Amino acid sequence: MTIPKATIRRLSTGVSGLDEVLGGGLPEFSFNLIGGSPGSGKTTLAHQIMFALASAERPALYFTVLGEPPLKMLRYQQQFDFFDHERVNQCVHFLYLADRLGDGGLDSVLTAVFEAVARVKPALVFVDSFRSVTTGRHDASGADLQQFIQQLSVMMSNWEATTFLIGEYASQDETNPVFTVADGLIWLYQTSQGNSVVRKIDVRKMRGQRTVPGLHTFRITSEGISVFAPPRVLETEPPKRARTTPRARVAMGNAILDEMLGGGLPEGYSLLVAGPSGAGKSILAAAFLAEGARLGETAVIALFEQRATFARGAFIAGLIESGQVGVVDTGAADLSVDEVAGLLIAEVKRLNASRVVIDSLSGFELALAPTFSADFRESLSRLIVALARTGATVLMTSEMEDRYDELRFSPYGSAFMTDAIVILRYIEVESRLKRVLAVVKVRGSAHSDELRLFDIDEHGIQIGASMPEHEGLLGGRPRRVTDVAALSDVRGRDVANPVEHL
Amino acid sequence: MTSRSIADRIHARLAELAETSSVIPAIPDTAVAYWKEIHLRLGQVIGERAVEALYNRSLRRTRDQYPSLPEGQTRPDGPADFAALGAALASQPNAVALEAHSALLHTFVNHLASLIGAGLVERIFSSIASSTNELAAPDRGRLK
């Protein structure tokens with residue numbers, strides 16, 4: 001007969017994204033430290049967790065010491081939606097300890113904690129700020145700091161209380177004995193660069209479970225803290241097995257473009273539409289959405305430049321209004337890629353969307369906090385992979401200046417990240433500014449290699465003929481070949497100008 | 001308003017006491033007992049110093065209209081002298097003492113509500129009110 005092992009129940013923190021980063025939630029009865037500089041969100045995180053977990057069966061006891069004065073703490077924490085004053089003195093209890101600290105130091109604090117815990121019998125205990133309990137007190141009270149922490153830890157574990165010590169610790173302060181005793185170390189950071197402020201969370205230790213390492217951005221709004229776990233963590237579905245059958249094709253809303261792509265864009269692919277300003281990228285994206293709607297599909301659009309309701313005409317505005325197209329309108333400042341990815345994936349799942357548009361990557365990069373610009377390419381790659389895992393077909397637009405002295409098909413070196421690329425360019429023909437498009441790549445599929453003229457009218461993009469009688473289109477100054485046979489004949493001979501400039 | 005209702009309830013108990021009690025210091029004693037309970041219970045949540053600061057400020061504000069009330073401590077966080085309040089109330093006719101005390105209590109509760117919200121004040125005071133229910137019973141010897 002097998003003797004069962006101890007099972008550790010994991011508590012859901014009520015903080016969006018944090019359970020994923022913690023590796024499935026907080027271990028019950030764990031002894032945790034929430035650290036960080038002033039203003040980094042420690043007290044807010046503690047309150048949010050407390051109000052999410054506290055119940056009649058699981059009462060919470062929040063000790064305030066010398067940190068933020070309780071009057072201010074209660075005043076400001078009430079501004080968050082999670083603060084439910086009806087539960088105060090029912091299942092959420094606040095107890096001020098500073099007076100006891102003044103009387104007798106650590107021993108007195110420990111006694112006060114013991115008494116209160118014995119009276120309230122909490123399942124959740126918070127000590128805020130723990131650093132003020134310990135700073136400079138270990139010698140004066142005669143109790144060694146480490147002993148104090150160990151006593152507290154043992155007592156809380158014996159009481160079967162999940163405990164949080166909140167403190168303003170410098171992250172380098174790793175000699176602090178509390179770091180050794182704690183089961184979990186959760187660190188909050190706040191960094192500034194210019195006018196940009198970015199908050200990050202780091203779960204440096206969580207005994208018994210596999211956390212997601214590294215710094216993860218979070219935001220504080222009236223709803224409280226939201227952590228943006230890396231997209232791969234949000235995706236729980238197992239990777240799809242290798243395909244044995246060809247992918248279905250997704251119609252782009254333009255029959256000729258579908259033909260150029262080899263019969264439409266393979267389902268689940270990511271397509272980059274790159275081109276200069278005004279070339280028609282957003283119109284192509286709108287056609288993609290409209291076609292999906294016509295087929296009864298749902299879609300999501302992430303906007304970083306134009307307002308959805310203004311820029312894409314009444315039809316798209318109507319789809320948004322009706323809910324057939326969901327909008328991730330990222331007006332928030334200092335975005336991170338993980339935040340956008342989280343919003344997009346949540347919206348895709350909510351609508352069971354089969355199409356996603358990101359308009360545009362250039363605007364997306366500008367919307368990011370400067371600190372994320374350095375690794376934009378890596379972040380973008382993560383975003384594309386995460387979106388691909390949802391199974392949706394993705395169209396991204398990207399601003400790309402026409403350069404006539406070099407051949408570029410994508411910005412950010414992103415050509416290898418996407419499955420397909422369509423470029424739009426301006427050319428000069430007969431003293432007119434004309435547009436051409438070409439399919440540069442469709443992974444694993446035959447596709448057109450033509451450069452086709454196109455116009456934009458009230459119905460969208462009208463793709464015209466290719467220009468076989470011209471060459472040098474991508475150089476911006478196409479030339480008409482006067483006589484193809486003659487051209488072929490004269491090649492190799494010393495004929496300076498077999499074509500005439502237009 | 002919720003935050004007023006708790007002050008009103010305490011006032012109502014004191015008024016009832018004034019009508020039914022045959023013991024002359026019942027009102028001052030009961031009022032002081034309430035304040036001691038407020039000091040204890042609220043002090044556990046926001047700290048005794050914070051309660052004392054609120055009390056002293058409330059006294060100073062209410063005293064403009066009711067000069068019979070004692071002066072608050074000059075230091076905002078000086079200890080609250082509830083005995084002085086009891087003595088001041090005892091020196092007045094019941095009706096005047098009740099009115100002055102009611103004004104003081106309302107000032108205190110409203111001031112607290114402006115800081116932490118009426119809802120939370122109600123929650124905190126509800127435990128005070130329930131624990132002091134028995135204090136409102138007249139002729140309780142332990143109040144003397």
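The values are calculated or read from the model by the stated rules, or taken from the named source; none is laboratory data. All values reported here derive from a predicted model rather than from experimental measurement. Here the Cβ is made from the backbone with ideal geometry for all residues, glycine too, and neighbour counts use every protein chain on show. Please note that ligands, DNA and RNA were not included when accessible areas were found on the heavy atoms of the full protein model with its side chains. Shrake-Rupley method; radii C 1.70, N 1.55, O 1.52, S 1.80 Å.
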Expected field for B:H111, accessible surface area in Å² at 1.4 Å probe radius, rounded to 10, holds 30 Å²
For segment A:10-228, the dipole about the Cα centre with charges only on Cβ (Lys and Arg +1, Asp and Glu -1), to the nearest 20 debye, works out at 340 debye
Distance in nm between A:A56 and A:A248 label points, each 7 Å along Cα→Cβ, equals 5.0 nm
Of A:148-156, A:314-322, ordering from highest average Cβ density within 10 Å down gives A:148-156, A:314-322
Taking every residue of A:88-94, the Cβ atoms of other protein chains inside 10 Å of its Cβ average out to 4
Rounded to the nearest whole number, the per residue volume of the convex hull around the C-alpha atoms of segment A:249-466 in Å³ is 120 Å³
Beyond 31 Å (Cα-Cα) in this structure, taken from A:K349/A:K434; A:K200/A:K349; A:K281/A:K349; A:K42/A:K121; A:K72/A:K200; A:K5/A:K42, we find A:K349/A:K434; A:K5/A:K42
1/(1 + (r/R0)^6) with r = Cβ-Cβ of A:A346 and A:Q193, R0 = 30 Å, i.e. FRET efficiency to nearest 0.05, evaluates to 0.65
Highest mean packing first, using Cβ neighbours within 10 angstrom, the peptides A:251-261, A:26-36 sort as A:26-36, A:251-261
Partner shielding of A:72-85, as the mean number of partner chain Cβ atoms within 10 Å, equals 3
Whole-Å distance linking the alpha carbon centroid of segment A:1-66 with that of segment B:29-103 is 40 Å
So the FRET efficiency between A:I3 and A:F179, C-beta based with R0 = 30 Å and rounded to 0.05, is 0.35
